[in-house]
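Asks: Starting off with a structure, shown below.
The values are calculated or read from the model by the stated rules, or taken from the named source; none is laboratory data. What you are looking at is a predicted structure, and each value in this text was computed from that prediction instead of being measured. When we count neighbours, we look across all protein chains shown, and the Cβ atoms used for this are built from the backbone with ideal geometry, even at glycine.
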Amino acid sequence: MQSLIGGACSGRRRLALERFPNARWHRLAAGEDAAACLEAQGGGEVLVVDGIADWLAAALAETPDDDTLRDTWLGLLDGLAAAPGEAVLILDEMGRGIVPMDPMARRLRDHNGWLVQAAAARSHTVWQLRHGLCKQLK
């Protein structure tokens, strides 16, 4: 598994297109799990998974318990990491800037940060993108 981490308009999708021109793309939908992503992969191919922050925001609205929610996104990551082929995750960096006052927005930011840490730990390669520039972290 590989992770491409960056803020809005940082160049993550462009990098994925350049490095994986023949990959299948899958935008994660609310309520989906790793099995749904793997169906989109087709078995053994490169799968670029996008929309993780939106998926997480929908899961936050449905799951008030943080431990249950953490188990949900850990299951997604573990399933993608164990899959045949290569999963490439496009992940949002939300840790820079002003901390939101709204409790739900802070909860999204916290869970996204934990999810990105867990994805980075499971990834054999991690790329950080800022201003269209790419740096390999792992």
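Asks: Tell me yes or no: at least one residue of region 90-111 is of a type in the set (Asp, Glu), within 18 Å of Thr63 (Cβ to Cβ) and free of Cβ contacts under 8 Å to residues at least 40 places away in the same chain.
Replies: First, the residues of region 90-111 that are of a type in the set (Asp, Glu): 92-93, 102, 110.
Then drop every residue that is not within 18 Å of Thr63 (Cβ to Cβ), which leaves 102, 110.
Add one more test, that the residue is free of Cβ contacts under 8 Å to residues at least 40 places away in the same chain, and what stays is 102, 110.
Within region 90-111, one or more residues are of a type in the set (Asp, Glu), within 18 Å of Thr63 (Cβ to Cβ) and free of Cβ contacts under 8 Å to residues at least 40 places away in the same chain.
Asks: Could you check Glu32 against (1) modelled with pLDDT under 90; (2) in a helix (DSSP H, G or I); (3) crowded, with 16+ Cβ neighbours inside 10 Å; (4) among the charged types (D, E, K, R) and say which number it fails?
Replies: The one condition Glu32 does not meet is (2).
Asks: In addition: Out of everything in region 60-74 that is among the polar types (S, T, N, Q) and either touching a Pro at 6+ places or on another chain (Cβ under 6 Å) or part of a helix (DSSP H, G or I) (or both), what residue ends up being farthest from Glu32 (Cα to Cα)? Walk me through it before giving the result.
Replies: If we filter region 60-74 for residues that are among the polar types (S, T, N, Q), which is where we start, we get 63, 68, 72.
Filter once more, so that each one left must be either touching a Pro at 6+ places or on another chain (Cβ under 6 Å) or part of a helix (DSSP H, G or I) (or both): 68, 72.
Details: Thr68: 15, Thr72: 10 Å.
Per the stated criteria, the residue is Thr68.
Asks: Continuing with this model, one more query. Residue check: is Leu80 buried (at least 18 other Cβ atoms within 10 Å of the Cβ), in a helix (DSSP H, G or I) and modelled with pLDDT under 90? Explain how you work it out, then say what you get.
Replies: On the way: buried (at least 18 other Cβ atoms within 10 Å of the Cβ): yes; in a helix (DSSP H, G or I): yes; modelled with pLDDT under 90: yes.
In short, yes.
Asks: Shifting gears a bit: Given the conditions (1) crowded, with 16+ Cβ neighbours inside 10 Å; (2) closer than 16 Å to Ala81 by Cα, report the number of the one that Gly6 does not fulfil.
Replies: (2)
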